[in-house]
Amino acid sequence: MPSAADLAWLIPVLPLFGAVATGLALISFNSTINRLRKPVAVFLLTCVGAAAVLSYAVLAEQLAGAPVVEHLFIWASAGDFSLPMGYVVDPLGAVMLALVTTIALLVMVYSHGYMAHDKGYVRFFTYLALFSSSMLGLIISPNLLEIYVFWELVGMCSYLLVGFWYDREGAAHAAQKAFVVNRVGDFGLLLGILGLFWATGSFDFQGIADGLAAAISTGSVPGWAALLLCLLVFMGPMAKSAQFPLHVWLPDAMEGPTPISALIHAATMVAAGVFLVARLEPLYSQFPIVGLVIAVVGTITCFLGASIALTQMDLKKGLAYSTVSQLGYMMLAMGCGAPVAGMFHLVTHAFFKAMLFLCSGSVIHAMEDVVGHEPILAQDMRLMGGLRKKMPITSITFLIGCIAISGIPPLAGFWSKDEILGQAFISFPLLWFVGFLTAGMTAFYMFRLYFLTFEGEFRGEDKAMQAELMAAANKDTDEEHPHHAGVLHESPWSMTMPLAVLAVPSVLIGLLGTPWNSRFAALLNPEEAMEMAEKFSWGEFLPLAGASVAISASGISVAVLAYYLHRIDLSQLIAARFPTINAFFANKWYLDAINERLFVRGSRKLAREVLEVDAKVVDGVVNLTGLLTLGSGEGLKYFETGRAQFYALIVFGGVIALVMLFGVLGNPLA
């Protein structure tokens, strides 16, 4: 009987089969398939559910100590060159398979309620299944080339899902922005992959690491070239995992449906970059400078995301910048040479951030019944407040997520984030300090989101505020988005059930990574787990952990005083005293404005200049050639008389001209 690992190729194939079958049916029988919403949803849920069951079986085998399984076949060959493809199952891949299928399955259940009245319901579920298949294929890829194929498929699905509501201008622009920014990173990734193959003759992760080390030692590849190739490959994770300065696409991607925010921006697509860096750890560990670059980029991203989240009033964008910040923590861990810590935070963050995004979707779903479907109104926290009384399940699970991400023990975020900070303290104390401050900022802005949304009095019926927000966006809600005012209510079971399920790992899964007995590390790297247990010291752990909890508690306390008890007015205390800093954060470090001026307007100006060159130079040469041809033809036609005497006269005239020329210049052949 084959093992689960031998059947792991079915994990991406099952969702792919569902997506292809539904997609072909949509193309062939559109109106009929769109009427069969529930059967299609059940079919696709079954496909993803079967993939999840197989993923859990694979993880169980790895937990039981099963060896790494790799099945390859020759996809292409020419002479001595051969290109293997296939799949690999190891502890890292098993963890990611279980994580992605779990989140994907819960998001699909949630989407049944959230997208119930959307005309694109079936198309949405098809995209979800296709995206899940692409991400699962990426996870089990055994080499860089195969990863790149699925990497691009994931990017394509992201474009389709972010721009799902393509009739909305904001969604269309957000999808284009995500596509273009990711192409920048993917171009660097492709150059790096091709360069590494040139240097090593391999696409295999360990083969590349060993081959590059040998090439450097023999002098066939200079050290600077090896560093450049490593950094080019890192450009892919920079874009996919929203690292500075290629992070700008992620907040705008909130224009897509909220379940997509939970699936792509919490657990899957943005995790692909961190996952790839972990896969390339044998390569990157040879170059401390590359590790330093990754750690610095992660730290900047960590602080940037948190600082911008401090000023956001859009609920989903606040969570989006929080995601950017947490991805920075993961990259900081990778740069510190602690991939296990980074992957542990990826897993814990996936559960509580997916829950937070789904909670925000539950809130938006309820707000739309009161203020209408205009995102500017339904997502702005200035129109929320007091939702805890009407939406108890959503509020409780959101609060659990806030506590988890703030790093309060014993919830999941404490153990994973504290492990990263501990590694950073050992490797780069300055970067640890930035991460330490960011932990306090995280606790503050997350509880700010909670209090503005769920506590106090409901502000959704404030017509003056609605008019102000719509005027700021140059829109008229009454004319463009008419609605019937409803009452706030809790979301249906299909939306609240995934929240309750995700709350359990958000609370408990961190206990798998306790530093004195890390079962997570024991699965991914048993030697590191043993070393952690042997070197563990309460004298070292308690001061760092205590400081981390203290800074988080301070951030929570400030949020309580400002937004729950209303004892302090931060707008007067900080914003009024430091308007430049407040404007800097509120305007997202002006990075969008810089990109607009340098790249968007710059590329348009360059395009206009190229058009001028094309019109005046290229077209001019072509038109001149045509005129010369036409003119010469018009002139020569008078010499085509058909009379032999005339032709003889021309020949005679030519001979006389040559004789005269030779007489003046002399014989050139003499």
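The values are calculated or read from the model by the stated rules, or taken from the named source; none is laboratory data. Predicted model only: the values in this text are computed from it and were never measured. Cβ placement follows ideal geometry from the backbone for every residue including glycine, while neighbour counts extend to all protein chains displayed. Only protein heavy atoms, including side chains, enter the accessible area calculation; ligands, DNA and RNA are left aside. Shrake-Rupley method; radii C 1.70, N 1.55, O 1.52, S 1.80 Å.
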| message | Ignoring everything except DSSP H segments at least 4 long, calculate the 222 nm mean residue ellipticity for the chain; use -39,500 (n - 2.57) per segment, divide by total residues, nearest 500. | response | -23000 deg cm²/dmol
| At a Förster distance of 35 Å, what's the computed FRET efficiency of Ala583 paired with Leu544, Cβ-Cβ distance as r, to 0.05? | 0.50
| field | DSSP loop trypsin sites (Lys or Arg not before Pro) with at most 11 other Cβ within 10 Å excluded, longest remaining stretch of the chain | value | 120-388
| said: Quick check: the distance between the Cα centres of region 110-161 and region 545-602, to the nearest angstrom? | reply: 34
| field | Value in Å of the Kirkwood radius, where region 108-235 supplies the Cα pairs that are averaged | value | 16.8
| note | When the charge dipole of region 272-429 is computed with +1 on Lys and Arg Cβ and -1 on Asp and Glu Cβ about the Cα centre, the Cα farthest towards its positive end, among Gly337, Gln312, Ile400, belongs to Ile400
| query | If you add up the charges near Thr496, with Lys and Arg at +1 and Asp and Glu at -1, over every other residue whose beta carbon is less than 15 angstrom from its beta carbon, what do you get? | reply | +1
| task | With everything on Cα atoms, drop me the angle between helix 144-162 and the longest principal axis of the chain, reported from 0 to 90° to the nearest 10. | result | 70
| message | On the principal axes of its Cα set, how long, how wide and how thick is region 213-335? Give whole Å, largest value first. | response | 56, 24, 18
| With charges only on Cβ, +1 for K and R and -1 for D and E, what is the dipole size of region 218-322 about its Cα centre, in debye, rounded to 20? | 80
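Of the cross-linked pairs Lys317/Lys605; Lys353/Lys463; Lys177/Lys353; Lys316/Lys390; Lys317/Lys417; Lys38/Lys390, which ones have a Cα-Cα span greater than 25 Å in the structure shown?
Correct reply: Lys317/Lys605; Lys353/Lys463; Lys38/Lys390.
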| Which whole-Hz ³J(HN,Hα) couplings does region 314-321 yield from phi under the Karplus relation 6.51 cos²θ - 1.76 cosθ + 1.60, θ = phi - 60°, glycine and proline marked x? | 7, 4, 5, 6, x, 5, 5, 5
| query | Leaving out ligands, DNA and RNA, what percent of the accessible area of the chain is carbon and sulfur, probe 1.4 Å? | reply | 68
| query | Of Ala533, Pro492, Ile420, whose Cα points farthest to the positive end of the dipole of region 408-535 (charges on the beta-carbon: +1 Lys, Arg; -1 Asp, Glu; origin at the Cα centre)? | reply | Ala533
| message | When only alpha-carbon atoms are used, what values of Rg and Dmax, in angstrom, describe region 1-138? | response | 17.1, 57
| message | Over the Cα atoms of region 359-497, each weighted equally, I'd like the Debye log10 I(q)/I(0) at q = 0.11, 0.13 Å⁻¹, rounded to two decimals. | response | -0.52, -0.67
| the chain, accessible area per residue, ligands and nucleic acids excluded (1.4 Å, Å²) | 44
| said: Need one number: the % of Cα-Cα pairs in region 162-288 sitting beyond the 19 Å mark. | reply: 52
| query | Under the Kirkwood approximation for Rh and a Cα-based Rg, what ratio Rg/Rh is obtained for region 276-367? | reply | 1.08
| If the convex hull is drawn through the Cα atoms of region 542-623, its volume per residue in Å³ | 165
| Placing +1 at every Lys and Arg Cβ and -1 at every Asp and Glu Cβ, with all other atoms neutral, what dipole size does the chain have around its Cα centre, in debye to the nearest 20? | 760
| request: For Lys389, go through the aspartates and glutamates and keep the ones whose alpha-carbon is under 12 Å away, minus same-chain ones fewer than eight residues off. | output: Glu455, Glu457, Glu490
| task | Percent of Cα-Cα pairs per 20 Å bin, from 0 to the last occupied bin, for the chain, please list those. | result | 17, 47, 22, 7, 6, 1
| message | Compute the helix-to-body angle for 91-114: its Cα long axis versus the longest principal axis of the chain, expressed 0 to 90° and rounded to tens. | response | 80
| So for region 132-202, what percent of the C-alpha to C-alpha distances run longer than 21 Å? | 36
| note | Treating every alpha carbon of region 97-183 as one equal point scatterer without solvent, the Debye formula yields log10 I(q)/I(0) values at q = 0.17, 0.21, 0.22 Å⁻¹ of -0.78, -1.07, -1.13
| query | Largest first, how would His247, His365 line up by accessible area (1.4 Å probe)? | reply | His365, His247
| query | What angle do you read, to the nearest 10 degrees and between 0 and 90, between the alpha-carbon axis of helix 493-508 and the longest principal axis of the chain? | reply | 80
| said: Report the Rg/Rh value for region 490-642, based on alpha-carbon coordinates and the Kirkwood definition of Rh. | reply: 1.42
